[in-house]
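Take a look at the structure set out below.
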Amino acid sequence: MVLCIELNAMKIKSFLKLLIGVILLLFIPLIGMQLSNEVNWSLFDFIVAAFLLLISGSLIWLIINKAKTKKTKFLFVGFVLFLLIIVWAELAVGLFGNPFAGS
């Protein structure tokens, strides 16, 4: 029972660290919006960015904790980061011309 509580506490601490990291990253465009008119994010943009970062961070945390070898960790984390960059770029500027792409 004590081990279970300790594991849950570790998961909560890891998630809180991830959440704080996402919030700190989202401060970058927020500050950019205050300093320049060229950064123009809506509330929806912040929600989508937070969702993408939380999902990516959670997947990376899972890979790091579950994968056995460094090579496997490196490959899967690289794949998750690649997907994050592709989705982010598609939403921002529309690399592939999808209807939900940015301007």
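Remarks
- Take each peptide in 40-51, 84-95, count the other Cβ atoms within 10 Å of every residue, and average; sorted highest first, the result is 84-95, 40-51.
- Mean silhouette area of the range 2-93, derived from the convex hull of its C-alpha atoms and averaged over all directions, reads 7.3 nm².
- Using alpha-carbon coordinates, inclination of helix 70-93 to the longest axis of the chain, degrees: 20 degrees
- Computed FRET value (nearest 0.05) for Asn37 with Ile86, which takes r as the C-beta separation and R₀ as 30 Å: 0.60
- With the helix formula -39500 (n - 2.57) applied to DSSP H stretches of n ≥ 4, the chain reaches a computed 222 nm mean residue ellipticity of -28500 deg cm²/dmol.
- Euclidean distance of C-alpha centroids, the range 62-91 and the range 15-42, integer Å: 22 Å
Where a number appears in this text, it was derived from the coordinates with a stated rule and is not lab data. The structure presented is a predicted model; accordingly, all values stated were derived computationally and were not measured. Heads up, the Cβs are rebuilt from the backbone with ideal geometry, glycines too, and the neighbour counts pull from every protein chain shown.
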